[in-house]
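What follows is a set of notes on a single structure, which appears directly below.
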Amino acid sequence: MLSRFAAGRSGKLNGTEQCRQYTLVTYPEALNRPGTVAPPIELALFEAREQMEETMIRWMHRIISSQQQFQLELVQHVDSLTGQLQIAILDKTLFQRLAGQLKVVSQYINSCDCAEMHFNIRPNTRLLKNAIDPDFQGIYAIREFHLLKKTHDFDTYQPVNVFALRP
């Protein structure tokens, strides 16, 4: 996603100064080995105005809290083109279903002159605070999603809300 943040001569953000960058992520919990650190999984990335936040949270809560907790399997593999170690989700079906239901939030964001949500279901190592356990492969539980935001490209994401899934 390209950022539309630009600083003027005063150093303040101009143009889309009231926009914030948001991401919707989940932090998988290891079922087979407690304490194992896996990367968070990013579901959506988008920009929105801060005035829209309350409505977005209300709609996301309604959609996400109606979903059931689920499990997924994470595996490591070496990318054949780059030779780098990659992390993969074996079955993305439940994430794709949730992304489909969140399209209504995306349409709301778009109706307020912001770009629609970018759905990208992938493990995100940039959001990790600790190092990844080299032996993290296994089954993980997804119990909640976190909405995070930052005010500009060089800022770090801050928590906004947590949406729990049904047990």
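No lab work stands behind these numbers, since they all come straight from the coordinates. Predicted model, so just to flag it, every value in this text is computed and none were measured. Note that we place each Cβ from the backbone using ideal geometry, even for glycine, and neighbour counts take in every protein chain shown.
Brief remarks on what is shown
- Working ranking of peptides 151-161, 50-60, 19-29 by packing, defined as the average number of other Cβ atoms within 10 Å per residue, highest first, is 19-29, 50-60, 151-161.
- Residues whose amide H falls under 5 Å from that of GLU144, counting only those 5 or more places apart or on a different chain, are TYR27, LEU165, with hydrogens built in the peptide plane.
- In the stretch 20-164, Cα pairs under 8 Å separated by at least six residues give a relative contact order of 39 percent.
- Around the amide H of ASN161, modelled in the peptide plane, lie the amide H atoms of LEU147, all under 5 Å away and 5 or more residues distant in sequence or on another chain.
- Given their separation in residues at 0.36 nm each and the Cα-Cα distance between them, GLN68 and GLN107 gain 11.6 nm when the chain is fully extended.
- Dividing the convex hull volume of the alpha-carbon atoms in the stretch 20-164 by its residue count gives 122 Å³ per residue.
- Peptide ranges 37-49, 69-81, 104-116 listed from the most packed, as the mean C-beta count within 10 angstrom indicates: 37-49, 104-116, 69-81
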